[in-house]
1. Looking at segment 78-97, which of its residues are surrounded by fewer than 13 Cβ atoms within 10 Å (Cβ to Cβ) and either over 15 Å from V146 (Cβ atoms) or under 16 Å from the mean Cα position of the chain (by Cα) (or both)?
2. Quick check on A103: is it within 15 Å of the chain's Cα centre (by Cα), assigned to a strand (DSSP E or B) and within 23 Å of A71 (Cβ to Cβ)?
3. Only one residue in A130, A142, A92 is out of contact with any Ser or Thr (no Cβ under 6 Å at 6 or more places or on another chain) and at pLDDT 95 or above. Which one?
4. Exactly one condition in (1) buried (at least 16 other Cβ atoms within 10 Å of the Cβ); (2) within 30 Å of N126 (Cα to Cα) is not met by Y40; state its number.
5. Taking interchain pairs and intrachain pairs at least six residues apart, which have beta carbon atoms under 9 angstrom, with the first residue in segment 25-48 and more than 12 Å from R139 (Cα to Cα) and among the hydrophobic types (A, V, I, L, M, F, W, C) and the second at pLDDT below 90 and assigned to a strand (DSSP E or B)?
6. I need a count of the residues in segment 127-158 that are outside any strand (DSSP E or B) and of a type in the set (G, A, S).
7. Checking the condition in a loop (DSSP other than H, G, I, E, B), buried (at least 18 other Cβ atoms within 10 Å of the Cβ) and either modelled with pLDDT of 95 or more or of a type in the set (V, I, T) (or both), which residue from V112, V124 passes?
8. Within segment 133-151, take every residue that is of a type in the set (D, E, K, R) and surrounded by 15 or more Cβ atoms within 10 Å (Cβ to Cβ) and give me the one that is farthest from G90 (Cα to Cα).
Amino acid sequence: MSANSKIRAALPLALALLSGAAGAATTCTLAISNVAFGGYDVFSATSLDTSGSIKVTCTRSGGANPTVTLAIGSGAYGGSTATRKMKMNGGADFLAYNLYKDAGRTSVWGNVSGLDAFTQTLVVPNNSSAQLTATIFGRIPAGQDVMKGTYSDSVVVTVTP
């Protein structure tokens, strides 16, 4: 590969919406932007960073303000949230990446409530709605020796009010 060879990487996010208990007074919906990495340069000494977002809109009719938990699964090719991988479309290579809750990319975003999922209480006026936006920070570590091509993965995002 030449010094300016790039690898295209995109990360579409799938959606799983779990409703609260039967008779619950709160409902939530999601709007998710893809985490698209763009071109990865196998010769660069710098990791490739990007971000996306999740917007949650909750409507409450009675009851308490909801504690919203956003969980992101391991993906189609990773064994856990700590080892996410994208697969080369039509090929056999894998490209390691991960998703984080913080801009410093130190806190992996996972799917265990109370451990690595994102949790926040959302103040929702009674008989009204409110929104919460969370940023997903993505990183592909530098120094991966992979073939040129398009890489992708799909993760499940779950919201529980």
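1. G79, S80, A82
2. No: the conditions fail for A103.
3. A130
4. (2)
5. Correct list of pairs: C28/L17; C28/T160; L30/L15; L30/L17; I32/L13; I32/A14; I32/L15; V42/I7.
6. Here the count works out to 4.
7. The match here is V124.
8. Among those residues, the one meeting the criterion is R139.
The values are calculated or read from the model by the stated rules, or taken from the named source; none is laboratory data. Please read these numbers as outputs of a predicted model, since none were measured by experiment. When we count neighbours, we look across all protein chains shown, and the Cβ atoms used for this are built from the backbone with ideal geometry, even at glycine.
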